[in-house]
Protein chains: 2
Amino acid sequence: MHGFTRRQTVAAALAWLDAHISALNSETVPLRAAAGRVLAAKVTSHVDVPGFDRATMDGYALIAECTDGATPYNRMPFTVLGDAMAGSPFTRSVGRGEAVRIMTGAPVPAGCDAVLPAEFVEREAGSEDPASISRELPIAAIGAVSPGKNIGRVGEDIVAGTVVLEAGRALRPQDLGVMSSIGCETATVVRRPHVRLVITGNEVLPAGSRPKGFQITDANGPMLAALAERDGAIVDFPGPIRDDSDVILAALTSDADIIIVSGGSSVGVEDLSPMLVAKHGELAVHGIAMRPSSPTGMGTIGSRLVFLLPGNPVSALCAYDFFAGRAIRALGGRSKEWPYASVRAPLARKISSPIGRLDYARVRIEDGRVEPLAVSGASVLSSTTRADGFVIVGDDSEGFPAGADVDVWLYA
Amino acid sequence: MHGFTRRQTVAAALAWLDAHISALNSETVPLRAAAGRVLAAKVTSHVDVPGFDRATMDGYALIAECTDGATPYNRMPFTVLGDAMAGSPFTRSVGRGEAVRIMTGAPVPAGCDAVLPAEFVEREAGSEDPASISRELPIAAIGAVSPGKNIGRVGEDIVAGTVVLEAGRALRPQDLGVMSSIGCETATVVRRPHVRLVITGNEVLPAGSRPKGFQITDANGPMLAALAERDGAIVDFPGPIRDDSDVILAALTSDADIIIVSGGSSVGVEDLSPMLVAKHGELAVHGIAMRPSSPTGMGTIGSRLVFLLPGNPVSALCAYDFFAGRAIRALGGRSKEWPYASVRAPLARKISSPIGRLDYARVRIEDGRVEPLAVSGASVLSSTTRADGFVIVGDDSEGFPAGADVDVWLYA
C-alpha cells in the first residue's frame, strides 16, 4: 500500500504503446460482410466498367450526324428498326436514316454513335405518343444530338487494370458497390482483434444483477465491450471474476490479441494484476500522470497486449480512450486517432489543472458554450452520460480561462 | 417513353416524406445487444449508486478529527483493528484512536468519516513498510484528513428515483455501463426497421458474379444494404430480380417496413415499379428536381413505405442519402439528419447549377481546398469512392464561385 514509484507521462506511455501496435494479418470475408472493414490489400479491377458502350438515357440510338440541323420545323426522318433493352441487345447494324429504340443501360447497337432523347422525337404521321412507337415505324428527329451524347463508353467508370481502392481503406457502402461491379465476391481485410475482457473484484456482480448489500453491479464490462466492438474488436467477456491470482492469471493468458483488465490495477494489496503481468510478462507502464486513470498499466504477456484499467468507471473509460481503444483500432488496421468528432467552442468557466498532469474533463455544451461538469470523483459514471464530450488539458498546461476556445471531443 | 410530367422540388418531396415517417414501436433487448440502439422509454434508477459509503482510495478509515494537527513531527497514534475489502466489509464499529485498513471500493466501517491515504501513515515502531501493516498494530498518522475525504457517499453517482437516460437516446457505451450499474438486464429500444431491397434489371447479375457480355454485376444491392445497415435497418436482400411485373409486385408487397427498389424507376417501357406502386398503393412523388436522382419516386403500398431509386449507382446513393436513409433513421428513432460529419472549406473551382435544380456534387478535399470531381455521369460509381464527400447546391442557387466557403459532407 505504497504509492506508484514514478508516474510516466501520457506521451511516454503512448510512445511505448505505439511501438507495440501494428495491423494484424488479413482474412477473406464475403463482400456482404465487409462494410466498415479495413482493406488489407489494394483492389485492382480486371474488367472495364461498363464492359460495353451503353445508353445513359432512354431514347433512340442512331448516327448523330443524321440529326444535324433537326428542329420541329426541319424534321429529319428515321426508320425504327427495333428495340435495345438492358441485357437484351439489338444485334443488327444500324445505318444512316435508321434508329433503334433504346433503354437506359442497354448496349448501343453497332453503327450508332449517340442516343437521341425521347423528347426530341415525334412520330412521323399522326399524333401518337412516341412512347408507343415501335418497330419499322417512321419517326422524325426534331432536335439534334452530337456524337457520343448519352452514351456511357466502355471503361467510363473503371478501366481494367486500375487500382480502385488502396490498402488501409475502411470500406464505405459505395466501395462495396464498386467492388461488386468489378466482380469481387470477397474482400481481403485486416483481421479483427480478439479482445478478452477481465473484470475483477469480489464485490462485483455480473451485469443484469441488481446491486445489493455491499456489492455493486459491473458497469465496466458492458461499457468496455461496447467500446471495443465500436472500435472493431471481437469481444470475449464471460463476466466478472474474483480477486484470485490463479483465476486472474488464467484470464490474462487467454487466447486473445488484447487483454483488458478492469479493477485491481493499482498498488493495493488486492491489486493482483500488475504483479501477475510483471511476473509472467512485462509490465512496461504502471502509473501515468493523468486524471483520472493514473493507476493505468500496460504490458505484454507473450504476444498479448495487456491493459490494466482502473476499476473506477470514468477512469476505465478514459484509459480505454487513451490506450486500449488506440491499440484495438491499430491492430484492426484503423486510424489510431479517436473516433470522436470534435467541435471548438468557448469555455463557460475556467478549467484548472496542475502542470505535469494531463486532465480528461467531462463537459456539456450549452448554448454554444462549454460547461465543465462539476464532478467529485472518477467513480461517477453518470457524469459521462450527462456529458456531451470531454476536453483534454495537456500536462504542459495549467488549464484554460473562461472564454478560451477549446476542442471538445464529442461522445455521440 | 415520355418525360416526367412535373418534377417536384426536393423540399416538397421531403415534406411528403416527413409526414409519413415516425419511430416504430419498441422491443426489449439484452443490455449487451443495446449499444447504438435508441431508447424507447426513459430509464429511471430504482437504486442508489453507490448503495453504501465506500472508500475512493486505498488507506485507513478513521475519525477525521483524530488526525487534526498530525505531521511527521506530531505523530498521532492509531490502532489498526483489521481490514475492509471491496465486497468484504469490516463489521465492527470504529472509535477514536482506531483505524481500519481499507481498499478502494470497500464499505466504510461504522464510526469512520474519512479515509487517510496510505502515504500519511507510518508504522509506529520500526521501519517496516506500511503496506504490510495489519491487525491490531500501532500506526501513526503523519498528516491530517478532513471529514468526508476519500469517501464516496451513498447516491453520489445516482440517487434512486433519478431519470438517468431519456427516451430517444442513442445508447453510448457508457450509457450501458450506467444502466448495468443500476441493475438493468435489458433495454427497451425502438424496433429496427425491416428493409427489403429490390434490385431490378434483366441485365443485372448478382453480386459475386463476374460481369460478362452485355450484363453488369449488381453494385447497388451491396451498397444499399451497407447503407441501410449503417442506418440501423435489418436488411432482406435475396438478390436482383427480373423486370417482370409479377416478380416485382411480389417483392413490393414483401413483409417489411420499407421497400427500396433500385432500377426501373424512370418512365421507360421497362420501368414497371412506378406503375405497380401507383396501381397497388400511392405513388406520391415521382420525379424530383435534383441531379442526379431526378427519376426518384416515393409512395406507399399498404403500411409500407416504398422508395423507387434510379438504377444508376450514383443516383441510387444520392436518392438514398436524401430520402430512403432519412426514413430508415426516423423509423428507427434516430435523427433524420445525415450521419455524415461536415467541414467547411473553400472551393478550388466553381460549381455551377441551374436555378430550380438541387445538385449533389462529389468533391475531394486537397490541401484544404474543395475540388469538384469532373464526372460525366450518374453511372460513375467510382466517383463516390474517389470523393471525400459531397457539396449540395440548393435549387435556389446557381452554384458557388471559386474561393467560396462551402460545407462538405464527408462520406467517411
*asked:* I need every pair where a residue in region A:392-408 that is in the same structural domain as A:Arg349 (by TED's automatic domain parsing) and within 22 Å of A:Ile288 (Cβ to Cβ) has its Cβ under 6 Å from the Cβ of a residue that is of a type in the set (Asp, Glu) and part of a strand (DSSP E or B), sequence separation at least 6 or different chains.
replied: A:Val393/A:Asp359
*Residue list for region A:196-222, restricted to those being buried (at least 20 other Cβ atoms within 10 Å of the Cβ) and either outside the structural domain of A:Asp271 (by TED's automatic domain parsing) or at positive phi (or both)*: A:Gly201
*asked:* I need a count of the residues in region B:50-104 that are touching a residue at least 40 places away in the same chain (Cβ under 8 Å), within 13 Å of another protein chain (Cβ to nearest Cβ) and part of a loop (DSSP other than H, G, I, E, B).
replied: 9
_I'd like to check something: does region A:358-381 contain any residue that is in a loop (DSSP other than H, G, I, E, B) and away from every other protein chain (no Cβ under 14 Å)?_
yes
*With (1) within 14 Å of chain A (Cβ to nearest Cβ); (2) in contact (Cβ under 8 Å) with a residue 40 or more places away in the chain as the list, and B:Ser335 as the residue in question, which single condition is left unmet?*
(2)
*region B:21-49, residues that are surrounded by 15 or more Cβ atoms within 10 Å (Cβ to Cβ) and in a loop (DSSP other than H, G, I, E, B)*: B:Ile21, B:Ala23, B:Leu24, B:Ala34, B:Ala35, B:Gly36, B:Arg37, B:Ala40, B:Ser45, B:Val47, B:Asp48
_Suppose we keep only residues that are within 14 Å of another protein chain (Cβ to nearest Cβ) and not acidic (Asp, Glu) within region B:382-407. Which one would you say is surrounded by the most Cβ atoms within 10 Å (Cβ to Cβ)?_
B:Ser382
*Of all residues in region A:223-234, how many are more than 7 Å from every other protein chain (Cβ to nearest Cβ) and surrounded by fewer than 18 Cβ atoms within 10 Å (Cβ to Cβ)?*
1
*asked:* I'm trying to understand the selection: among the residues of region A:67-91, which are of a type in the set (Asp, Glu) and buried (at least 17 other Cβ atoms within 10 Å of the Cβ)?
replied: A:Asp83
*Could you check region B:159-264 for strands (runs of 3 or more DSSP E) lying wholly inside it with 3 or more residues that are under 30 Å from B:Arg32 (Cβ atoms) and among the aliphatic types (A, V, I, L, M)?*
B:163-165, B:186-190
*Take the residues of region A:36-58 that are modelled with pLDDT of 95 or more, more than 20 Å from A:Ile158 (Cβ to Cβ) and not basic (Lys, Arg): which is farthest from the chain's Cα centre (by Cα)?*
A:Ala40
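Residues checked against (1) free of Cβ contacts under 8 Å to residues at least 24 places away in the same chain; (2) in contact with a strand residue (DSSP E or B) (Cβ under 8 Å, 6 or more places away or on another chain); (3) away from chain B (no Cβ under 14 Å):
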| position | (1), (2), (3) |
| --- | --- |
| A:Gly183 | no, yes, no |
| A:Arg192 | no, yes, yes |
| A:Ile199 | no, yes, no |
| A:Ala207 | no, yes, no |
| A:Arg210 | yes, yes, no |
| A:Phe214 | yes, yes, no |
| A:Gly221 | no, yes, no |
| A:Ser245 | no, no, yes |
| A:Val261 | no, yes, yes |
*Is it the case that region B:1-14 has a residue that's touching a helix residue (DSSP H, G or I) at 6+ places or on another chain (Cβ under 6 Å) and surrounded by fewer than 20 Cβ atoms within 10 Å (Cβ to Cβ)?*
yes
_For region B:285-348, give me every one of the strands (runs of 3 or more DSSP E) that falls completely inside it and has 1 or more residues that are under 18 Å from the mean Cα position of the chain (by Cα)._
B:342-346
*Kindly indicate whether B:Ala118 is in contact (Cβ under 8 Å) with a residue 40 or more places away in the chain, more than 18 Å from A:Val204 (Cβ to Cβ) and surrounded by fewer than 23 Cβ atoms within 10 Å (Cβ to Cβ).*
yes
*Evaluate region B:263-271: report whether one residue or more is farther than 24 Å from A:Val49 by Cβ and either surrounded by fewer than 24 Cβ atoms within 10 Å (Cβ to Cβ) or not assigned by TED's automatic domain parsing to the domain that holds B:Leu171 (or both).*
yes
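The values are calculated or read from the model by the stated rules, or taken from the named source; none is laboratory data. The structure displayed is predicted, hence computed values, not measured ones. In this analysis, Cβ positions are derived from the backbone assuming ideal geometry, glycine residues included, and neighbour counts consider all displayed protein chains.
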